[in-house]
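One structure is given here, and the rest of the page talks about it.
Bear in mind that the values in this text are calculations on the coordinates, not laboratory data. Here the structure is a predicted model, which means the values were calculated and not measured. A quick note on method: Cβ atoms are made from the backbone with ideal geometry, for glycine too, and the neighbour counts reach across all protein chains shown.
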Amino acid sequence: MLIPVILVSLIAVLVFVILVVRLVRGRSAATVARSEPSMPAPEPAVPRGEGLGAKVRGLFAGASAGDEEWSALEELLLKADVGPGMAARMVGDLKERYQPGDDPASMLIGEVESVLSGDDVQLHLPNDRLGVVMVVGVNGSGKTTTIGKLAARLGSEGKKVSLAGSDTFRAAASEQLDVWAQRSGAQLVSQERGADPGAVAFDAVQSAKAKGMDVLIVDTAGRLHTKTPLMDELQKVRRVIEKAAGQAPDETLLVLDATTGQNGIAQARAFTDAVEVSGVALTKLDGTAKGGVVLAVREQLGVPVKLMGVGEGVQDLQPFDARAFAERLVSG
């Protein structure tokens, strides 16, 4: 009789222990749950496709425009890559002119247009000798594509165009340029990958002169895989062109990706210091509102935008139009 009693006692003790453990665990979990902060509700997502203009109108939808609204507008311009100096200037101008009932988005379009209007956006190419356009920019900015479109545009104006493949460092650069030469009807001068870029430029100038070409467009490297710094190499190419043509390039265009953000300012400054950039070709404007960085580039460096790429087609490189650009930037 003693053994069953012991077994019953052991079972009772085991059941008691299990109940105590469960109770302790439950209280601990409740304590942890109470001690953890509740997660905040997610912020409402910005509707897809809402452009800068819609956001600006939303800011001024109330009865008055106070310091909070103007600070928010400046923040929107900063997010659009306009740059702090230009953003502050534009907000100051708008604040002085704004009256209740005005459309702030339309006013902003006019402000952007006024900043970029008045620049010399023409390509200055001679009619009595070979004109040379040197094109610079980082890899991936759309440099080679812009060259092809520019060649097609000049060709449609009746000019005989030659291309120089002086980007001898990037794989398939000459092949890509060859495709665009065929599409645009331009002559191409290139050498094997790794060849001296200056030598290619020199040969291209001599060939263009001998064949009576009107314009030579020189492609250049956007990144080097050698110990020679990129800007030193570009300066060398420029000196070779000047020696072969008898003068510096008539135009030196910086191809700038509209989505590059504030890095575009550093790019523009570096290329301008190295090779005296005369104008910007702004690419990839075929999406949502982009390209605010050119306002900062214009403010800090004084370099005008001369061309803008608005699509993938051969004809989608257009002379820069301040009004059209402002509407793209603000309206999206």
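Quick notes
- FRET E, pair ALA61, MET231, Förster distance 51 Å, beta-carbon r, rounded to 0.05: 0.60
- Flagged links, alpha-carbon separation over 18 Å, of LYS159/LYS211; LYS79/LYS290; LYS160/LYS243: LYS160/LYS243
- Summing charges over all other residues whose Cβ lies under 12 Å from the Cβ of ASP321, with Lys and Arg as +1 and Asp and Glu as -1, gives 0.
- Segment 270-320, relative contact order [Cα under 8 Å, separation at least 6], %: 37 percent
- As a rough guide to protection, the peptides 117-126, 255-264 ranked by mean Cβ packing within 10 Å, highest first, stand as 255-264, 117-126.
- Hull volume per residue, based on the alpha-carbon atoms of segment 139-217 and their convex hull, is 74 Å³.
- Förster-model FRET efficiency, 25 Å R0, ARG239 and ASP273, C-beta, rounded to 0.05: 0.95
- Packing rank of 84-90, 266-272, where each peptide gets the mean count of other beta carbons within 10 Å, highest leading: 266-272, 84-90
- With K and R counted +1 and D and E -1, the other residues having a Cβ less than 10 Å from that of VAL135 yield a net charge of -2.
- Calculated FRET value between SER114 and GLN247, using beta carbons and R₀ = 41 Å, to 0.05: 0.75
- Set of lysines near LYS306 by C-alpha distance (under 16 Å), chain-local residues within fewer than 8 positions excluded: LYS143, LYS149, LYS284
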